[in-house]
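These notes are about the structure you will find just below.
Every number in this text was worked out from the coordinates using simple rules, so none of it is lab data. These figures come from a predicted structure and were not determined experimentally. Cβ: placed from backbone, ideal geometry, glycine included. Neighbour counts: every protein chain shown.
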Amino acid sequence: QAEVLKEVKDKPAITADGKRVTLFANISSAEDLDMVHDNGGEGVGLFRTEMLFMDRDTFPDEEEQFGFYKKAVLQAKGKPIIIRTIDIGGDKHLSYFNLLPELNPFLGYRAIRISLDQEGLFMVQLKAILRASAFGPVSIMFPMISNVKEIRDAKLVLNKAKTALIEAGIAFSDDVKVGMMIEIPSAAVTADILAKEVDFFSIGTNDLCQYTLAVDRMNEKITHLYDPFNPGVLRLILNVIEQGREHNIHVGMCGEMASDPLATLLLLGMGLAEFSMSAASIPTIKNIMINNTEVRAKQVCRQVMAMDSSDKIIAYLKEITQ
Ligand code: PEP
Ligand code: MG
């Protein structure tokens, strides 16, 4: 098996009947990019920027952030890279940023909510990311969008950041794509509305599962309820992919489900265009794609979407994924 995976590593991800799929990697620093290249990753579908903000005493300033993003862009060697703005709160805290204790931190002050509330900090990050775009293909992605106002407000701040850079005569690319994570059920259900606001969606199944099923993703007592194959979760995912296609925007997935071999055919059959995962998983997922057809994946999708329980769905997917 190891030999087979080595062989597929540098092949493009194309099904036996010619459907081309993009395989990206999730990273949290420039250092992760060696692994991405080694495993045949075609780019970065999710650059989690939190690492730069953790384990220190103050917020990194614009220069330091710019250095961090630019390093990753250069290390990506011309491959596209989607940089996600800060996603702190929930379980991720910063010693120097006073997040008050909350009864439900995952339902509280986190991610884009903090960025929109602290516009000064948000501007610094956006300017730093924009500046990095002068060195390679960069997209910006906003986490935890729950309604259309948040994405519009985030884009307004992004435009302010662009204006500030232009006025200061600082270079950035004029082709920075803007996308959002779909990881809250309201966003998945209103994908048709949100699609008009962005260039791409990336489905965050880790949080989407948590919020759809009301299951804390960190609580070990209820891990058996944390289930991406719940028909409710699958319907949301399918809706996002279909609405993306309808409105002509690119749809990827950067949650853990994208690296689950049991889910590969199903997601392919739903029409998912881009799978983003830890670099080490890429060859396994690519191997499944190369050895299957889109026609079969669509059949699998039809079967699964007609089933009434995740037990049946998982049993069926196990049977056909041999
Ligand atoms: C997700 O929620 O699926 C996701 C990719 O974001 P994170 O795991 O960083 O919350
Ligand atoms: Mg998330």
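For the reader, a short list of remarks on this structure follows.
- Residues that are free of Cβ contacts under 8 Å to residues at least 24 places away in the same chain and part of a loop (DSSP other than H, G, I, E, B), drawn from the stretch 288-322: A306, Q322
- In the stretch 140-191, the residues that are more than 15 Å from ligand 2 (Cβ to nearest atom), within 19 Å of the chain's Cα centre (by Cα) and hydroxyl-bearing (S, T, Y): T190
- Note on the stretch 34-76: among residues that are more than 16 Å from ligand 1 (Cβ to nearest atom) and among the hydroxyl-bearing types (S, T, Y), the one that is surrounded by the fewest Cβ atoms within 10 Å (Cβ to Cβ) is T58.
- Matching residues, the stretch 286-300, being in contact with a helix residue (DSSP H, G or I) (Cβ under 6 Å, 6 or more places away or on another chain) and crowded, with 23+ Cβ neighbours inside 10 Å: K286, A297
- Subset of the stretch 104-117 (residues that are within 16 Å of ligand 1 (Cβ to nearest atom) and closer than 21 Å to A195 by Cβ): A111, I112
- If you go through the stretch 39-83 and keep only what is under 17 Å from the mean Cα position of the chain (by Cα), part of a helix (DSSP H, G or I) and closer than 18 Å to G120 by Cα, you end up with just E50.
- Within the stretch 192-220, restricting attention to residues that are of a type in the set (D, E) and not in a loop (DSSP other than H, G, I, E, B), the residue that is nearest to ligand 2 (Cβ to nearest atom) is D207.
- For the stretch 8-33, a residue qualifies if it is without any contact (Cβ under 8 Å) to a residue 24 or more places away in the chain and within 14 Å of ligand 1 (Cβ to nearest atom), and exactly one does: S28.
- Annotation note: Cβ proximity below 8 Å between a residue of the stretch 254-265 that is under 15 Å from V300 (Cβ atoms) and outside any helix (DSSP H, G or I) and a residue that is more than 11 Å from ligand 1 (Cβ to nearest atom) and not polar (S, T, N, Q) (sequence gap 6+ or interchain) occurs for P261/I285; P261/I288; L262/F229; L262/I314; L262/L317; L262/K318; A263/F229; A263/L317.
- Y69 fulfils the conditions (1) within 14 Å of ligand 2 (Cβ to nearest atom); (2) in contact with a strand residue (DSSP E or B) (Cβ under 7 Å, 6 or more places away or on another chain) except for a single criterion, (1).
- Residue in the stretch 77-100 that is farthest from ligand 2 (Cβ to nearest atom), counting only those that are charged (D, E, K, R) and loosely packed, with under 14 Cβ neighbours inside 10 Å: K77
- Search result, residues across the stretch 4-38 that are of a type in the set (S, T, N, Q), assigned to a loop (DSSP other than H, G, I, E, B) and within 27 Å of M180 (Cβ to Cβ): S28, S29
- Flag if T223 is free of Cβ contacts under 8 Å to residues at least 40 places away in the same chain and within 14 Å of ligand 2 (Cβ to nearest atom): no
- Selected residue (criterion: farthest from ligand 1 (Cβ to nearest atom)) from residues of the stretch 190-216 that are farther than 21 Å from V176 by Cβ and either aromatic (F, W, Y) or without any contact (Cβ under 8 Å) to a residue 40 or more places away in the chain (or both): A214
- Pairing each residue of the stretch 84-99 that is part of a loop (DSSP other than H, G, I, E, B) with any residue that is near ligand 1 (Cβ under 10 Å from one of its atoms) and of a type in the set (G, A, S), provided the two are 6+ apart or on different chains, yields C-beta distances under 7 Å for D87/A111.
- Pair list, Cβ under 9 Å, 6 or more apart: the stretch 119-140 residue on the phi > 0 side of the Ramachandran plot, other residue surrounded by 19 or more Cβ atoms within 10 Å (Cβ to Cβ) and of a type in the set (D, E): none
- Condition met for A134 (over 25 Å from A76 (Cβ atoms), away from ligand 2 (no atom under 16 Å from the Cβ) and either touching a Pro at 6+ places or on another chain (Cβ under 7 Å) or hydrophobic (A, V, I, L, M, F, W, C) (or both)): no
- Whichever residue in the stretch 118-147 is in a loop (DSSP other than H, G, I, E, B) and more than 16 Å from ligand 1 (Cβ to nearest atom) and, among such residues, is surrounded by the most Cβ atoms within 10 Å (Cβ to Cβ): G136
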